[in-house]
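One structure is given below, encoded as structure tokens.
Every read-out reported here was derived from the displayed coordinates using simple, explicitly stated rules and does not represent laboratory data. Small disclaimer: the values here were computed from a predicted structure and weren't measured. Neighbour counts are summed over all protein chains in view; Cβ atoms, including those assigned to glycine, are modelled from backbone coordinates with ideal geometry.
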Amino acid sequence: MADIINLRRHRKARARAAESAEADANRAKFGRTRAERDRAQAETAGRDRLLDGARVDADTSFAPGSETD
């Protein structure tokens with residue numbers, strides 16, 4: 001005779017395996033590790049600081065066409 005199996009356990013195990021496979025696919029498709037996200041954020045912040053530091057503000061005391069002679 002065949003082995004007796006618990007159908008509820010079998011169904012739940014199959015559902016867990018399907019969810020795990022879907023999660024793996026989503027991680028491969030969308031995911032980045034925390035280290036990768038942090039590194040990208042740090043690079044962006046560094047570039048922003050560099051650009052802000054090199055910014056030349058307009059001198060408000062001199063505007064073309066507004067000479068006070």
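What's the whole-number percent of alpha carbon pairs in segment 10-49 lying beyond 17 angstrom? Walk me through the numbers on the way to the answer.
Working: 419 of 780 pairs.
Summing the P(r) tail past 17 Å for segment 10-49 gives 54 percent.
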**Label-to-label distance, nm, for residues given as A18 and I5 (7 Å Cα→Cβ offset)** = 1.5 nm
